[in-house]
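Encoded as structure tokens, the structure appears first; notes follow it.
None of the figures in this text is laboratory data; all of them are computed from the coordinates on show. Because the structure is a prediction, the values reported are computed rather than measured. Positions of Cβ are backbone-derived with ideal geometry, glycine not excepted, and every protein chain shown enters the neighbour counts.
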Amino acid sequence: MNTRNIEILVGLFVALGVAAFAVLALKVANTGISGNGETYTLNAKFENIGSLKTRAPIKVGGVVIGRVEGISIHPQEFVPVVSMSIDASYECQFSDTTSVSILTSGILGEQYLGISPVIASDSAKQTCLGNEVTGDSDTELEALFGVESKALKNGDLITDTKSALVLEELIGQFLFNQGSE
Amino acid sequence: MIDLFQAIGHKTLSRFASLGRATQMLFGALLRLPNFRKGPALLVRQLYMVGHQSLLIIMVSGLFIGMVLALQGYTVLVGYGAEDSLGPLVALSLLRELGPVVTALLFAGRAGSALTAEIGLMKATEQLSSLEMMAIDPLRRVISPRFWAGFISMPILALIFSAVAILGAHLVGVDWLGVDAGSFWSIMQSQVSFEKDILNGMIKSFVFALIVTWIALYKGYDCIPTSEGISKATTETVVHSSLAVLGFDFLLTAVMFSG
């Protein structure tokens with residue numbers, strides 16, 4: 001076998017290796033969340049997180065917009081606090097009345113965070129982004145009802161949360177209801 | 001009694017001496033100036049012998065291991081109605097464990113034994129001594145290109161193994177058993193992370209490449225230059241490198257994936 005053939009075959013071997021790497025990297029692995037990887041962080045306080053894990057997806061209507069970054073215990077209240085890193089393009093888009101719940105995909109599926117978004121008002125978005133608020137009908141309407149919602153920005157805490165369903169608690173509730181009938 | 005202690009001590013000391021010679025050989029091969037004029041050609045030749053020649057056995061084993069994994073996984077998962085999780089099951093077990101480990105074991109049998117036998121015969125027929133007589137450093141001329149060829153080839157082979165095995169799993173799982181193709185790929189993608197799974201798997205196979213190639217070259221270089229010595233060295237290469245790979249695999253897994 002002459003040198004040229006050997007070189008060609010080795011080139012083929014290396015090219016196959018590169019192709020396998022490309023298949024694994026692009027087709028098999030997730031390349032992180034969408035976009036250029038810029039994220040911002042939101043925190044949410046739960047009563048019980050069930051078996052939520054770090055890196056669990058965060059979804060809005062089934063679309064992944066971020067991942068769970070870390071889970072810790074609130075130092076004073078001793079309830080779990082989940083920090084979520086969310087695609088930066090959604091910063092200042094959600095109002096602080098947005099609720100977060102822990103959901104399960106399928107019966108044996110993993111747990112994920114579902115965000116039911118409330119879209120922030122224009123004025124709140126502007127305030128959040130640090131722009132001057134120009135008076136418009138939106139602000140007046142809110143002023144009328146006496147509520148003032150803000151948009152969620154990096155580091156904010158979401159308080160409206162629904163905990164994970166724990167089977168024992170469900171059964172307990174069911175038995176309790178049966179007993180009271 | 002004294003004899004027993006003496007025997008144990010002798011055995012221990014000769015083990016250490018052997019480890020020392022192996023380290024000396026490795027550093028001797030790696031730290032010499034590379035052979036700029038002949039080096040690349042020698043390396044390409046060894047890449048062909050070590051890498052390309054192992055391609056067939058790696059691809060065929062990968063295909064069948066992937067198909068078996070899919071078949072076994074499916075029969076268990078379908079009982080829970082979770083056959084959609086076949087994709088991540090196959091991909092994670094291949095990328096994290098089976099890809100690097102099985103490739104290393106096959107590589108030790110296919111290429112490691114060949115390296116040992118080749119160098120052992122070179123030693124037995126005094127080719128290595130002749131090289132030294134001609135002022136050619138056998139470490140630089142014979143050992144170094146073979147080491148680099150093994151070190152480069154094995155991670156490539158492991159990648160090919162995993163990719164082919166996943167295709168084999170797709171063949172059985174999706175085309176034969178009827179798992180949904182969309183969920184096969186998408187759940188796999190959502191569960192497999194590039195840094196954590198693919199890169200860690202590659203780090204593993206680089207470590208295994210170092211271990212297997214090193215053991216194979218050392219056993220050949222250090223063998224007793226008789227036909228019996230070569231056969232013993234070849235057997236030892238396969239046994240020692242398989243055991244070392246499995247042992248290091250446990251350590252690496254404990255470091256990488258237990259957290």
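Across region A:18-103, the volume of the C-alpha convex hull divided among the residues equals 126 Å³ per residue. With Cα atoms as the point set, region B:1-94 shows a radius of gyration and Dmax of 24.5, 66 Å. In this structure, the residue pairs whose Cα-Cα separation is over 25 Å, taken from B:Lys123/B:Lys232; B:Lys11/B:Lys204; A:Lys125/B:Lys196; A:Lys27/B:Lys196, are B:Lys11/B:Lys204; A:Lys125/B:Lys196. Label-to-label distance for B:Lys38 and A:Glu77 is 7.5 nm, based on points extended 7 Å past Cα in the beta-carbon direction. For region B:221-259, the residues whose backbone nitrogen is under 18 Å from a point 7 Å from the Cα of B:Glu195, taken along Cα to Cβ, are B:255-259.
With pairing defined as another cysteine C-beta under 4.7 Å, the cysteines of the protein assembly as shown that fail it are B:Cys223.
Computed over the alpha-carbon pairs of chain B, the distance histogram in 5 Å steps reads 1, 6, 12, 14, 15, 13, 11, 8, 7, 5, 4, 2, 1, 0, 0 percent, short to long. Distance between the C-alpha centres of region B:129-172 and region B:240-254: 19 Å, rounded to the whole angstrom.
Around the amide H of A:Ser99, modelled in the peptide plane, lie the amide H atoms of A:Ser116, A:Val118, all under 5 Å away and 5 or more residues distant in sequence or on another chain. The ranking of A:Cys128, B:Cys223 by Cβ neighbour count inside 10 Å, starting from the fewest, reads A:Cys128, B:Cys223.
Based on Cα contacts under 8 Å between residues 6+ apart, chain B shows a relative contact order of 32 percent. With neighbours defined as other Cβ atoms within 10 Å of a residue's Cβ, the residues B:Arg141, B:Arg146 order from fewest to most as B:Arg141, B:Arg146. Note on chain B: with charges restricted to the Cβ of Lys and Arg (+1) and Asp and Glu (-1), its dipole about the Cα centre is near 1020 debye.
Approximating the spin labels as points 7 Å out from Cα along Cα→Cβ, the A:Asn2-to-B:Trp176 distance works out to 4.4 nm. In this label model, A:Thr41 and A:Glu169 are separated by 2.6 nm, measuring between points 7 Å along each Cα→Cβ vector. Electrostatic tally near A:Val82: other residues with Cβ closer than 9 Å to its Cβ, Lys and Arg +1, Asp and Glu -1, net 0.
How large is the helix-only mean residue ellipticity at 222 nm for the protein assembly as shown, computed as the sum of -39500 (n - 2.57) over DSSP H runs with n ≥ 4, divided by its residue count, in deg cm²/dmol to the nearest 500? The per-residue figure over the protein assembly as shown is -18000 deg cm²/dmol.
Near B:Lys204, within a Cβ-to-Cβ distance under 15 Å, what is the net charge of the other residues, with Lys and Arg +1 and Asp and Glu -1?
My count for the surroundings of B:Lys204 gives -2.
When we measure straight from the Cα of A:Lys162, which aspartates and glutamates land under 12 angstrom away, once same-chain ones fewer than 8 places off are left out? Excluding near neighbours in sequence, the set is A:Glu47. Scanning chain B for long hydrophobic helices, with DSSP H runs required to stretch 27 angstrom or more by C-alpha along their axis and to average at least -1.0 on the Kyte-Doolittle scale, returns B:2-31, B:55-77, B:144-170, B:200-221, B:227-257. With the biggest extent put first, the Cα atoms of the protein assembly as shown measure 100, 58, 53 Å across the principal axes. Net charge in the neighbourhood of B:Ser129 (other residues with Cβ under 14 Å of its Cβ; Lys, Arg +1, Asp, Glu -1) is -1.
A viscosity of 1.567 mPa s and a temperature of 4 °C, combined with the Kirkwood radius over Cα pairs in Stokes-Einstein, give a translational diffusion coefficient for region A:39-180 of 78 µm²/s.
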